[in-house]
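Following: one structure in structure tokens, then a few remarks.
The values are calculated or read from the model by the stated rules, or taken from the named source; none is laboratory data. Keep in mind that this is a model prediction, so the values were computed, not measured. Note: ideal-geometry Cβ built from the backbone for every residue, glycine included; neighbour counts use all protein chains shown.
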């Protein structure tokens, strides 16, 4: 920031030290600690799972298919005789790669759109806002499914499609926050000091809506975990033989009526733990108070 | 009559073609039932039925009580119901309540006369003549005549009709080839000789339901046919009900009604069966595990030629080298797949469409077995000793994704790194034309094929150089010539010799991997008896009785 801008910066309503203190206070809460621990556990599984799995998660054993949990296979085996526990451990890899990248894409592009619409205002805001509303009126899962069917499923496609589907949601939230900031005195000061629109948007307003964006990031991440698992369950996401949890539930779901519950139960449990962990963190960051 | 000592009596029944089969029977190559099935194929229907062929249903009927409602679950039909266009199992089962064919290809008894009473070929097997059963009425009261049969087949071979049977009849029967002889006689002038032609006018070609000459394509309104049941009500996406046809030409149906409900999910079908709301549901391996060995349910199976075909693009790297194709085939442990994946409800395949259920299959051709050492040696010879990467494209249907994973794991043992691309079924088939279909364009793929009574359609459509389903892009003049020999072969021995040559050539070339032939099954409540079906999804409920 230049010397001329320091006045505007000093007048910014959110003080950096205060902001850090608030974040630390929020992270010191038990829900955040629990949520972060669970996330870290799954992250460790994704990164180093192969080192401590009891069995090769991809090796079939056609003579031991669908065996219930026992001393050898703690979580039982699936329809190809693969160890369910080992697959759950390494199965976190895809979802922990795809969901955060999709969220990041959605939040970055949504923030950009929101920033522009909120700052520029006028006709651009009205037209852009209506377009965002139109996109948001479309059912999320249906839009994502249709797109995936049309262009074919792959990890990159899933990331792109979920990211783009989140863009209008994030954009609307960020736009509201930017409009609020636009009316503040420090923005008027920045304009008077001759800053151009890009500088004001990215150097003045953006730092002051970062909390909103952070909250949006964590909230959307929770939904993204669920979205990735849903798409895998529907057969439109991750490809076999991935140990992905949603895919495993889709493969094991048909065995439920036969009393073979272990594949679905343990994989569902893994998804629930990840979504809950993210939501615990998001809740502590104020996600549910602030986001639409 | 059929004791081996009565061979001379058997010989007197017909000419040379029949006597070759009798020779095979005498030498023990042919079982009694297969001999009777062959008798039916060449039109010796009187002999076949006199020996007990085709009376199993009637025998069951004798002990059955009339009345009651059979409640059936089917999957959701994939399109509007029209016999000319039908391809999906649910629609076939639905149509089979009301529709009939000239012949029924019964899984146990082979070809049985339905609307045709007798049939015979000329010396060249290029012209086939069928005598129709008299006194058969459509559900609207009109009698079935040769005009209706001619119109039915002319529609099926007319490209303008969009008929789903065009692939089956390509190069065999063309427009103008079905001829009215008299009110009860129809002749088929074929494009090329074919000794198995009766199968092509049977239930094997599911579209060949006999419809009135003035049929307008409005099947869903009338469900017009000649069968033992007639339409009561049809609600798209929900289900249909049928009542006994009092004017049926044969034995009247035992049940008063058939009620069919469509389901989107096999789980829901199993739950409804377990709740006592259904009597018959489709089979899936998962549903079978759900009913397990519970005596309240029965799993009825018939041997079939149903299979999942792995195609290898013979015109593209790396499968253009037949040693590489053979190597991949040698990695597969077929016995393990049959036991583990298919729970024993299948028989091992030998990389050709000649399933053990076909009487023309040459059983002396050596069975291919897993041999990783030989696979590695072949890869080394082909210059890919360190293996290679390839993508296997397939459909999300039945057990195919699991089969794909097993192939991936087997191939890994020889250093072949297979990536999977599992698509929704519609996406996989695309427009089902070359250049517009992952099925027909992929380098390596798996496709499911339903049962047929003869291997002819598989051999013509999937392997002939001009075949419309030739996903392997197999272009082999020797094969095409052998296929012509096979089609022309008039007697069983000649067919088997030609079949053996084709089987050996396909083992050497390996454009396809066929690891197994699955049984076709349905799950029923133990309270019902007499449920019959074909391996191509017809569901025959007229002999059902309740315990």
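What to note about this one:
- Single residue of the stretch B:212-238 satisfying the filter (in contact (Cβ under 8 Å) with a residue 40 or more places away in the chain and part of a strand (DSSP E or B)) that is nearest to residue B:545 (Cα to Cα): B:229
- Single match in A:189, A:227 (criterion: more than 14 Å from every other protein chain (Cβ to nearest Cβ), within 20 Å of residue A:92 (Cα to Cα), part of a helix (DSSP H, G or I) and in contact (Cβ under 8 Å) with a residue 40 or more places away in the chain): A:227
- The condition of being within 26 Å of the chain's Cα centre (by Cα) and within 19 Å of residue B:90 (Cα to Cα) does not hold for residue B:234.
- Any chance residue B:469 is assigned to a loop (DSSP other than H, G, I, E, B) and crowded, with 20+ Cβ neighbours inside 10 Å: yes
- Selected residue (only one of A:158, A:144 is surrounded by 24 or more Cβ atoms within 10 Å (Cβ to Cβ), within 30 Å of residue A:58 (Cβ to Cβ) and modelled with pLDDT under 90): A:158
- Of the criteria (1) in contact with a helix residue (DSSP H, G or I) (Cβ under 7 Å, 6 or more places away or on another chain); (2) on the phi < 0 side of the Ramachandran plot; (3) surrounded by fewer than 24 Cβ atoms within 10 Å (Cβ to Cβ), which one residue B:504 fails: (1)
- Per-region count, the stretch A:74-86, residues away from chain B (no Cβ under 12 Å) and either at pLDDT below 95 or surrounded by 24 or more Cβ atoms within 10 Å (Cβ to Cβ) (or both): 3
- Restricting attention to the stretch B:59-118, the residues that are touching a strand residue (DSSP E or B) at 6+ places or on another chain (Cβ under 8 Å), in a strand (DSSP E or B), assigned by TED's automatic domain parsing to the domain that holds residue B:213 and within 21 Å of residue B:521 (Cα to Cα) add up to 5.
- Residue match in the stretch A:232-241 (condition: more than 14 Å from chain B (Cβ to nearest Cβ) and closer than 29 Å to residue B:427 by Cα): no
- Extreme residue, nearest to residue B:328 (Cα to Cα), among residues of the stretch B:412-444 that are more than 12 Å from chain A (Cβ to nearest Cβ) and in contact with a strand residue (DSSP E or B) (Cβ under 8 Å, 6 or more places away or on another chain): B:416
- Within the option set A:275, A:264, being part of a helix (DSSP H, G or I), modelled with pLDDT of 85 or more, closer than 19 Å to residue A:89 by Cβ and away from every other protein chain (no Cβ under 14 Å) holds for one residue only, A:275.
- Only a single criterion out of (1) away from chain A (no Cβ under 14 Å); (2) closer than 16 Å to residue B:343 by Cβ is not satisfied by residue B:294, namely (1).
So that you can scan it fast, the table gives a plain yes or no per residue for (1) in contact with a helix residue (DSSP H, G or I) (Cβ under 6 Å, 6 or more places away or on another chain); (2) in the same structural domain as residue B:399 (by TED's automatic domain parsing); (3) within 16 Å of residue B:200 (Cβ to Cβ):
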| position | (1), (2), (3) |
| --- | --- |
| B:439 | yes, yes, no |
| B:443 | no, yes, no |
| B:460 | no, yes, yes |
| B:472 | no, yes, no |
| B:475 | no, yes, no |
| B:483 | yes, yes, yes |
| B:490 | yes, yes, no |
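- Residue selected from the stretch A:242-260 under the condition part of a helix (DSSP H, G or I) and within 25 Å of residue A:36 (Cβ to Cβ), by the criterion farthest from the other protein chains (Cβ to nearest Cβ): A:245
- If only residues of the stretch B:256-276 that are within 14 Å of another protein chain (Cβ to nearest Cβ) and in a loop (DSSP other than H, G, I, E, B) are counted, the one that is surrounded by the most Cβ atoms within 10 Å (Cβ to Cβ) is B:265.
- Qualifying residue in the stretch B:366-380 (condition: farther than 30 Å from residue B:300 by Cα and within 12 Å of another protein chain (Cβ to nearest Cβ)): no
- Where residue B:409 falls short, out of the listed (1) away from chain A (no Cβ under 14 Å); (2) farther than 17 Å from residue B:448 by Cβ: (1)
- Filter pass, residue B:325 being within 14 Å of chain A (Cβ to nearest Cβ) and either crowded, with 21+ Cβ neighbours inside 10 Å or over 27 Å from the mean Cα position of the chain (by Cα) (or both): no
- Residue match in the stretch B:301-324 (condition: under 17 Å from residue B:397 (Cβ atoms) and part of a loop (DSSP other than H, G, I, E, B)): no
- Residue in the stretch B:363-379 that is at pLDDT below 95, over 18 Å from residue B:444 (Cβ atoms) and either outside the structural domain of residue B:107 (by TED's automatic domain parsing) or under 26 Å from the mean Cα position of the chain (by Cα) (or both) present: yes
- Residue B:402 vs. criteria over 30 Å from residue B:499 (Cα atoms), surrounded by fewer than 18 Cβ atoms within 10 Å (Cβ to Cβ), in contact (Cβ under 8 Å) with a residue 24 or more places away in the chain and assigned by TED's automatic domain parsing to the domain that holds residue B:443: no
- Residues being touching a strand residue (DSSP E or B) at 6+ places or on another chain (Cβ under 6 Å) and more than 14 Å from chain A (Cβ to nearest Cβ) - total across the stretch B:328-344: 1
- Single residue of B:352, B:359 found to be at pLDDT below 95, crowded, with 21+ Cβ neighbours inside 10 Å, closer than 27 Å to residue B:105 by Cβ and within 31 Å of the chain's Cα centre (by Cα): B:359
- In the stretch B:389-399, residue farthest from the other protein chains (Cβ to nearest Cβ) [restricted to those that are modelled with pLDDT of 90 or more and buried (at least 16 other Cβ atoms within 10 Å of the Cβ)]: B:390
- Search result, residues across the stretch B:474-490 that are buried (at least 20 other Cβ atoms within 10 Å of the Cβ) and assigned to a loop (DSSP other than H, G, I, E, B): B:474, B:489
- Some residue of the stretch B:96-112 being surrounded by fewer than 19 Cβ atoms within 10 Å (Cβ to Cβ) and either free of Cβ contacts under 8 Å to residues at least 12 places away in the same chain or at positive phi (or both): no
- One residue from A:62, A:117, A:105 being touching a helix residue (DSSP H, G or I) at 6+ places or on another chain (Cβ under 6 Å), more than 21 Å from residue A:271 (Cα to Cα), buried (at least 17 other Cβ atoms within 10 Å of the Cβ) and within 14 Å of another protein chain (Cβ to nearest Cβ): A:62
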